1. Among the residues of segment B:15-31, is any crowded, with 19+ Cβ neighbours inside 10 Å, without any contact (Cβ under 8 Å) to a residue 40 or more places away in the chain and touching a helix residue (DSSP H, G or I) at 6+ places or on another chain (Cβ under 6 Å)?
2. Restricting to segment B:139-154, and then to whatever is open to solvent by 20 Å² or more (accessible area, probe 1.4 Å) and not basic (Lys, Arg), can you tell me which residue is farthest from the chain's Cα centre (by Cα)?
3. Would you pick out the residues in segment A:132-159 that are more than 13 Å from every other protein chain (Cβ to nearest Cβ) and farther than 19 Å from A:Glu77 by Cβ?
4. Only one of B:Leu152, B:Leu203, B:Leu174, B:Leu118 is closer than 18 Å to B:Val86 by Cα and either of a type in the set (A, V, I, L, M) or not assigned by TED's automatic domain parsing to the domain that holds B:Val86 (or both); which?
5. Identify, by number, the condition in (1) in contact with a Ser or Thr (Cβ under 9 Å, 6 or more places away or on another chain); (2) part of a helix (DSSP H, G or I); (3) surrounded by fewer than 20 Cβ atoms within 10 Å (Cβ to Cβ) that B:Gly187 doesn't meet.
6. Does segment B:24-71 hold any residues that are within 11 Å of DNA strand D (Cβ to nearest atom), polar (S, T, N, Q) and more than 11 Å from chain A (Cβ to nearest Cβ), and which are they?
7. Which ones in segment B:43-102 are touching a strand residue (DSSP E or B) at 6+ places or on another chain (Cβ under 9 Å) and away from DNA strand C (no atom under 16 Å from the Cβ)?
8. Within the set of pairs 6+ apart or on separate chains, which have a first residue in segment B:83-97 that is closer than 12 Å to B:Arg181 by Cβ, a second that is open to solvent by less than 10 Å² (accessible area, probe 1.4 Å) and at pLDDT below 95, and C-beta atoms under 7 Å apart?
Protein chains: 2
Amino acid sequence: MSSDVVTDRLRTALLAGQYAPRQRLIETELAADLSVSRSAVRNALLQLAAEGLVEMQLNRGARVREISLAEAVEITEVRQGIESLVAARAAERVTDEQAEELRELGERMSDAVVRGELVAYSDLNAALHARLREIAGHETATRIVEQLNGQLVRHQFRLAMLPGRPGRSLPEHLAIIDAVRARDAEGARAAMAAHLGSVLTTLAALEDGSGRRA
Amino acid sequence: MSSDVVTDRLRTALLAGQYAPRQRLIETELAADLSVSRSAVRNALLQLAAEGLVEMQLNRGARVREISLAEAVEITEVRQGIESLVAARAAERVTDEQAEELRELGERMSDAVVRGELVAYSDLNAALHARLREIAGHETATRIVEQLNGQLVRHQFRLAMLPGRPGRSLPEHLAIIDAVRARDAEGARAAMAAHLGSVLTTLAALEDGSGRRA
DNA sequence: GGTGACAAGATTGTCAACAATCGTGTCAGC
DNA sequence: GCTGACACGATTGTTGACAATCTTGTCACC
C-alpha cells in the first residue's frame with residue numbers, strides 16, 4: 001500500500017525534527033506536499049498516532065505530540081527495565097565477531113568524546129544500543145524500545161549536548177561493552193541499569209533547572 | 001469518529017477470544033456483522049494491527065495474530081522488567097486506603113484458590129496487576145503493559161488452568177501485596193520479578209512439554 | 001469597550017464506487 | 001495423471017465527493 005511509504009516518509013520527517021511539537025499536521029497540506037492522496041496521509045497519521053509520535057483529537061486532526069520532560073523520565077524508566085534485559089541477553093548470545101565489533105564501537109565512541117564531536121558521539125550512542133538489541137535478538141523488547149525511542153529523539157538530542165554529559169556517559173557505555181564482551185549477563189544488566197539511571201538523574205536535574213516549555 | 005467505536009468492539013471481541021488465531025478477518029463481513037461501513041472496519045483493523053492484535057499483509061488483508069509460546073515468553077520477559085518497576089512505584093505511592101483494598105484483594109484471591117474457582121482467581125489476578133498499575137500512576141508503563149497483555153490473553157488463560165499453578169502463584173501474589181503494603185519498594189520489585197520469573201519457568205515447561213501448535 | 005450570537009471558511013470524518021491484486025478452479029497440452 | 005497457463009470470483013487498496021464539525025471573524029447589543 002502506498003500508505004506505508006507515506007507513513008515512513010512522515011515518520012522520518014518527524015524523527016528528524018522537521019515539524020515542531022504541537023504543530024498541527026493538516027491532511028490536505030501534507031497530501032499536497034508529498035503529492036499523494038489525503039487518505040494515504042490520513043492512514044499514515046493514524047499509524048503514527050498508534051506509535052505515539054502524533055496525537056489525534058476528534059474532528060481536530062493531528063498534532064505533533066509534545067513529550068514533556070516528565071514523560072521523558074517515564075519513558076526512560078521503562079527503557080531501563082527493558083534495555084537491562086536486552087543487555088543481559090546480548091551478553092549471553094554475543095559471538096566473537098560481534099564482541100570485536102563492540103570493542104571497535106567503544107573505541108570510536110572514546111575517540112569522538114576526546115575530539116569533542118558531540119553529534120558523532122550521539123550517533124554512536126544510538127548505534128551501540130541498536131547493535132545490542134540486534135545481538136540480543138529479542139523481537140518484543142526491540143519493538144518496544146524502538147517505539148519508545150522514537151518519542152524521545154528531541155530530549156536525547158538535548159541531553160547529549162549538555163556540557164560534561166559525554167564525559168559521564170562514556171565510561172558507562174564502555175562498562176556495558178566490557179560486560180557484554182565478558183559474557184557477564186548480570187554485569188551487563190547492572191551496567192545498563194546504571195547507565196540509564198544516570199540518564200534519569202540528568203533528566204531530573206533538567207526538570208528542576210530549566211523551564212517547563214523548552 | 002465511529003471508527004473508534006468499531007475498534008473498541010473488535011478489540012473486546014478479539015480479547016474475548018471470539019475469533020480464532022490465524023483466522024482471516026474479512027472487511028466486508030465484519031462491516032456487515034457490525035453494520036458499519038467498510039472504511040470504519042478498515043481503520044479499526046489498522047489500529048489493531050498497530051496494537052499487535054491482528055497482522056496485515058499487503059493485498060491479503062488482516063488475520064488474527066497468533067502468538068507463539070516463544071513470543072509469549074518474550075512478552076513475559078519484557079513484562080517482568082516493566083511490572084517490577086510498577087510494583088516498586090506502587091509501594092512508594094500507595095495510600096492507606098489503597099493498602100486496605102489490596103489486603104482485601106489478597107483475601108479474595110486466597111478464597112478463590114481454596115474454593116477452586118479458577119476463573120475467578122484468574123480475574124482477580126488480572127485485577128491485582130491492574131490495580132497496582134493504577135496505584136503506581138505510571139502512564140507509560142501502564143500503556144505498554146496493557147498493550148502486551150492484550151497479546152497474551154490466550155496464553156494467560158491456559159496458564160491459569162494448569163493443575164497446581166494457582167497454588168504456586170498465590171503466595172507470590174500475596175508477597176507482592178505484603179511488600180507494597182509495607183511500602184517496601186525494593187521488596188515489591190523483587191516479589192514481582194520473582195512472580196513473573198515463576199510464570200516464565202512455567203511457560204518454558206509448557207514449551208518443552210506440549211506441542212507447538214496449541 | 002466588552003460579550004454573545006451568527007455566518008463563512010477551513011478541516012476533518014464518512015461513504016460508496018472504481019481499480020488493482022490475489023487465490024482458486026478449470027482446462028489444454030504433454 | 002501431472003504440470004502450467006488462463007480466467008473468474010473474491011477481497012483489498014485507492015480515490016474523490018459529500019456531510020459533519022470546528023475555528024475564526026464580524027456585528028449587533030448591552
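1. yes
2. Within segment B:139-154, the match that is farthest from the chain's Cα centre (by Cα) is B:Glu139.
3. Of everything in segment A:132-159, those that are more than 13 Å from every other protein chain (Cβ to nearest Cβ) and farther than 19 Å from A:Glu77 by Cβ turn out to be A:Glu134, A:Ile135, A:Phe157.
4. Numbers: B:Leu152 fails: closer than 18 Å to B:Val86 by Cα; B:Leu203 fails: closer than 18 Å to B:Val86 by Cα; B:Leu118 fails: closer than 18 Å to B:Val86 by Cα.
Testing whether each residue is closer than 18 Å to B:Val86 by Cα and either of a type in the set (A, V, I, L, M) or not assigned by TED's automatic domain parsing to the domain that holds B:Val86 (or both) leaves just B:Leu174.
5. (1)
6. Answer for segment B:24-71, where residues must be within 11 Å of DNA strand D (Cβ to nearest atom), polar (S, T, N, Q) and more than 11 Å from chain A (Cβ to nearest Cβ): B:Thr28, B:Ser37.
7. Selection gives B:Ala49, B:Leu53, B:Val54, B:Val64, B:Arg65, B:Glu66.
8. Within 7 Å, no pair qualifies.
The values are calculated or read from the model by the stated rules, or taken from the named source; none is laboratory data. Treat the numbers as computed from the prediction; the structure is a model and nothing was measured. Note that we place each Cβ from the backbone using ideal geometry, even for glycine, and neighbour counts take in every protein chain shown. Calculation scope for accessible area: heavy atoms of the full protein, side chains included, ligands and nucleic acids excluded. Shrake-Rupley method; radii C 1.70, N 1.55, O 1.52, S 1.80 Å.
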